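To start, the structure under review is shown below, and the notes come after it.
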Amino acid sequence: MDVKDQPRFSWRGLMVDSCRHMMPVRDIKKVLDLMERYKFNTLHWHLTDDTGWRIEIKKYPRLTSIGSKRRESEIGTWNSGKSDGTPHEGFYTQAQIRDIVQYAAR
């Protein structure tokens, strides 16, 4: 028997949206492990937008001191005007980003 195992598309990716839902480093690494298991080859890691700035830039500390925090999260459909009332904050240090990139490379 000859088995030919080839993906239909060369780009098999996944997006992790840390802007809206901050995840611990260990969970990002778990996502990378699952991507390897299922032969995904591209991670789009969403780290910045209007709902949160999640990457430390030492030259601009206010990006994380202000931009990594929000009073609450919108719920329901986009622009619904409803919110959950729960504060949300966090960012990844440059060292954590480097660690995750090195982990993914391995």
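The values are calculated or read from the model by the stated rules, or taken from the named source; none is laboratory data. In this text the structure is predicted, and so the values were computed from the model without any measurement. Ideal geometry is used to build each Cβ from the backbone, glycine not excepted, and the neighbour counts take in all protein chains shown. Heavy atoms of the whole protein, side chains included, go into the accessibility calculation; ligands, DNA and RNA do not. Shrake-Rupley method; radii C 1.70, N 1.55, O 1.52, S 1.80 Å.
Please determine, in degrees from 0 to 90 and to the nearest 10, the orientation of helix 94-105 with respect to the longest principal axis defined by the Cα atoms of the chain, where the helix direction is its Cα long axis.
20 degrees
Over the chain, give the accessible area per residue in Å² for a 1.4 Å probe, as an integer.
78 Å²
Carbon and sulfur: what percent of the chain's accessible surface (1.4 Å probe)? Kindly include the intermediate steps, with their values, before the conclusion.
Details: 4540 of 8290 Å².
Within the chain, the accessible surface is 55 percent carbon and sulfur.
Straight-line reach only, C-alpha to C-alpha below 17 angstrom: list the aspartates and glutamates that Lys69 could link to, leaving out same-chain residues fewer than 8 apart.
Here the aspartates and glutamates satisfying the reach criterion relative to Lys69 are Asp17, Asp49, Asp50, Glu56, Asp84, Glu89.
For Lys4, go through the lysines and keep the ones whose alpha-carbon is under 26 Å away, minus same-chain ones fewer than eight residues off.
Lys39
Along the Cα-to-C-beta direction of Trp78, a point sits 7 Å from the Cα; which residues of region 34-61 have their amide N less than 13 Å from that point?
Inside the label zone: 50.
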